Amino acid sequence: MNKQPQSKIFNRILSELREYRFSILISVVCALFTVYLTLLIPILTGRAVDCIVAKENVDFDKLIYILQLMVVTVVATFFTQWIMNRVNNRITYSVTKNLRDRAFAKLQHAKLSDIDSHPHGDFVSRIVSDADTFADGLLMGFTQVFTGVLTIIGTIYFMITISLKIALIVIIATPVSLLIAKFISEKTYKFFGTQAKLRGQETSYIEEIIVNKNIVRNMDYEDDALENFGSMNNDLADASMKATFYSSIVNPSTRLVNNLIYAAVGVFGAVMVTTGGITVGGLASFLSYASTYAKPFNEISGVITEFQNALACASRLFEVIDADVELDEGVDKLIEPRGSIEFKNVCFSYDKSKKLIENLNIKVEPGQKVAIVGPTGAGKSTIINLLMRFYDIDLGQILIDGRDIREIPLDDLRSNFGMVLQETWLKNASIKENLKMANPEASDEEIIEAAKASHAHSFIKKMPYGYDTVINAGEGTLSLGQLQLLCITRVMLNIPPMLILDEATSSIDTRTEQRIQSAFNKMMNGRTTFVVAHRLSTIKGADLILFIKDGAIVEQGNHSQLLQKNGFYAKLYRSDFEIN
C-alpha cells in the first residue's frame, strides 16, 4: 500500500464527486442565493441608518419598507441555506458510504500478503474511524469553504461599490492571512497523518490484547501490555498535541490580522465621514462587510486544518481501495474433479530474501488421505495456502487433474475444497443459518443428520431455541470445541470433492475427537484429503504422511513405514505418545 502526494489525494476526491454533479450544481445555486441574500442585509441596514440620520424628518414609510425587505431576505436565506446543507449532507455521506463499501469489498479480494502485512485493527481504523473523519472534513469543506469563497468575492464587490479607497485597505492586507494559513496547514497535514497511523496501531493492539485476554492473564502479561499500550498512547498523544497545536493557532493568527484590518477600516472610514466622503449608513454597511469579509478567512483557516486531517485519512482509505487484488486469470472450471493433485518443483517465500519452500514435489492420487506433519514454522499450513491460492507460488506448478490451478477460476477452485480450520468463524445469526452457509438449499432433516454425524446435535438440542438459537461467537456462549464442531458440521452438510483439515480437532477434547473420527473417515472416503495436525493419533490411518522440515519433505510414507525408518516422524510420534 503506497502513500500518495497530497495534491493527488485532492484530485482523487474531486473525481469521486463527479457522479454527484447535479447535486453539486443545486448546492452551488443555493450557495449563491444564500451569499447574495446574506450580503443584502448590510446594504439594507445602511439605508435604514441613512433614513434616520441623514434627514431632519425620518421617512417612516421607506424605513418600514426596508425593514420588511430585510425580514423577507432573512427568511429566504434560511430556506436556501437549509436546502444547501441538506444537499451537502447527502453528497458527503453518499461519498463516504461508497468509499467505505469499496474499501470493505476490496478486503474480500485483496492479496493475503497485503492483509497479513498490516495489523488487522489497522484496517478497522481505516474503514471506520478514518472514513468518519474524512466525512467530517469533506462536509466542512462543502458547507464552509465554498460559501466562504463566495462571501469573500461578494463582500469585495459591495465594499468597492461603497468606497474603493477603504476597500483597497482590506484587499491589500488579505495575503497576510492567506500566507499564515498556508504555512500552518502544511504542518498540520504531516502531524494528522502521523496521528491517523498511530491511532490504527493502537486499535490493532487493543484488539490483539482483547482477543488473547486469557493467554495474557495466564502469562501474567498485564503489566507489560499496559506498559506497551502506555508507550503507544504517549506517541499518539504527542502526535495529537502537535497536530492540535498547529491547528489551534490558525484561527487566532488570522483573526488577529483581520481585527487589525477592521480597526484600520473603522478609523479611516470615520475620517471620510467627517469629510463627506461616505455617509454614516455607508460606513455602517462597510464595517459590516469588513467583518463579514474577515469571518470566512477565520472559518476557512479552521476548515483547512480539518481538511488536512480529512486528506490524511482519505489517503489511508484510498490505500485500501487501491490495494492489489488476487490474480484470477482462470477461465475453465473443474468438471467433476477426480482429486489428483501434484506439486511440481514449487518454490515460495513470504519474504523474498528468504526461501521457505524450495523445489517441493508432491504427487497425490485421487481419493488418497495425505497427512502433513512437522515442527511449527516448517511450512505445513503454507502448503495448504498455496493449494488454495491464498498465496501464489514463486516458481513451479500446482496441478489438479493435470491442470495448473492458475488456469482455474478462484471461486471454482476453492468451492471444490471443503475446509475445516483451527480458526473458527461463525456469523452473528442462528445456528441453522450458519450451517446453511455451506448449502443454502439444505433441509432441516439434512442439517440434523450432518449435526449428528459430527456429534454436534446433542449440545445444539440443549440450546434455548435449538437450531434457531442466535449465537455470537464473540460472547463466549459456546466453547471453542463447540464452535469447531459447528464448523465441521457445516462442511459435512455439503461435502465437496476434496477436503482440507488444518488442525480441525485442535480445540476438541480427545474423547470427542475419537467419536467424530469415524464421521471424518466416512466423509473422507473416496475424497482426496489433506490433513494438517499436531496430534499424530489423528493421522495414523493416512495413505501418505509427509514430514515437512524447513519447507522441504524430509520423510514420506505411511505410518508403519515411517516408524521403521526411525527418523523424524518416529521421534515425533514417540514424544507425542509419551505426552498423551
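What follows draws every value from the coordinates through simple rules; no lab data is involved. Only a predicted model underlies this, so the values are computations on that prediction, with no experimental measurement involved. Please note: Cβ atoms are built from the backbone with ideal geometry, for glycine as well, and neighbour counts cover all protein chains shown.
Sparsely packed loop sites in the range 20-81 (the trypsin sites (Lys or Arg not before Pro) outside DSSP H, G, I, E and B with at most 11 other Cβ atoms within 10 Å) comprise 55.
Between (i) 74, 61, 47; (ii) 121, 51, 50; (iii) 71, 61, 42, which entry matches Cα extents along the principal axes in Å as derived from the coordinates of this structure? Checking each listed value against the structure points to (ii). Entry note, the chain: the mean residue ellipticity at 222 nm calculated from DSSP H runs of n ≥ 4, each adding -39500 (n - 2.57), is -21000 deg cm²/dmol after division by the residues and rounding to the nearest 500. Around the Cα centre of the chain, unit charges on the Cβ atoms of Lys, Arg, Asp and Glu (plus for the first two, minus for the last two) sum to a dipole of about 780 debye. Amide hydrogen proximity for residue 418: with H placed 1.01 Å from N in the peptide plane, the residues at 5 or more positions away or on another chain lying under 5 Å are 498, 499, 500.
Each of the peptides 225-231, 390-396, 521-527, 145-151 was scored by the mean count of other Cβ atoms within 10 Å over its residues; in descending order, highest first, they stand as 145-151, 390-396, 521-527, 225-231.
Backbone amide hydrogens, once placed in the peptide plane, bring residue 546 within less than 5 Å of 371, 372, 373, excluding anything fewer than 5 places away on its chain. The mean sequence distance of close C-alpha pairs (under 8 Å, at least 6 residues apart), as a share of the length of the chain, puts its relative contact order at 15 percent. Across the range 354-363, rounded Karplus estimates of 3J(HN,Hα) from the backbone phi angles (6.51 cos²θ - 1.76 cosθ + 1.60, θ = phi - 60°) give 9, 6, 9, 10, 9, 6, 7, 10, 9, 10 Hz, Gly and Pro being marked x. For the range 341-579, the relative contact order works out to 28 percent when only alpha carbon pairs closer than 8 Å and six or more residues apart are counted.
Given points 7 Å out from each Cα along the Cα-Cβ axis, report the residue 128 to residue 549 separation in nanometres with one decimal. According to this spin-label approximation, the distance is 4.6 nm. Placing unit charges on the Cβ atoms of the charged side chains and taking the dipole of the chain about its Cα centre, the candidate lying farthest along the positive direction among 171, 141, 91 is 171. Net charge of the neighbourhood of residue 497, taken over other residues with C-beta under 13 Å away and scored Lys/Arg +1, Asp/Glu -1, is +1. Give the separation of the Cα centroids, the range 436-485 to the range 75-133, in Å. Taking the Cα centre of each part, the range 436-485 and the range 75-133 sit 36 Å apart. Of all aspartates and glutamates in the structure, the ones whose alpha carbon falls short of 18 Å from that of residue 452, not counting any fewer than 8 places away in one chain, are 433, 444, 468, 509, 513.
Here the contact order of the range 64-200, divided by its residue count and restricted to Cα pairs under 8 Å and six or more residues apart, works out to 32 percent.
With a Förster radius of 35 Å applied to the beta-carbon distance between residue 259 and residue 60, the computed FRET efficiency rounds to 0.45. With Cα atoms as the point set, the range 12-55 shows a radius of gyration and Dmax of 18.5, 59 Å.
Note that the range 149-158 has calculated 3J(HN,Hα) couplings of 5, 4, 5, 4, 4, x, 5, 4, 4, 5 Hz, one per residue in order, obtained from phi through the Karplus relation 6.51 cos²θ - 1.76 cosθ + 1.60 (θ = phi - 60°); glycine and proline are x.
Summing charges over neighbours of residue 235, with a neighbour being any other residue whose Cβ is under 14 Å away from its Cβ, gives 0 when K and R count +1 and D and E count -1.
Sequence-ordered 3J(HN,Hα) estimates for the range 190-200 from the Karplus curve with 6.51, -1.76 and 1.60 and θ = phi - 60° stand at 4, 6, 5, x, 4, 4, 5, 5, 5, 5, x Hz, glycine and proline given as x. Global size of the range 341-579: 18.5, 54 Å for Rg and Dmax (C-alpha atoms, Rg to one decimal, Dmax whole). In summary, the convex hull built on the alpha carbon positions of the range 6-321 has an orientation-averaged projected area of 20.5 nm². Entry for the range 220-348 at q = 0.14, 0.16, 0.21 Å⁻¹: log10 I(q)/I(0) = -0.90, -0.98, -1.20, Debye formula applied to identical alpha-carbon scatterers, no solvent contribution. Over 22 Å between Cα atoms, which of 427/522; 522/549; 432/461; 8/190; 369/427 qualify? Over 22 Å apart, Cα to Cα: 427/522; 522/549; 369/427.
Residue 125 sits among other residues whose Cβ lies under 14 Å from its own Cβ, and their net charge, with Lys and Arg +1 and Asp and Glu -1, is -2.
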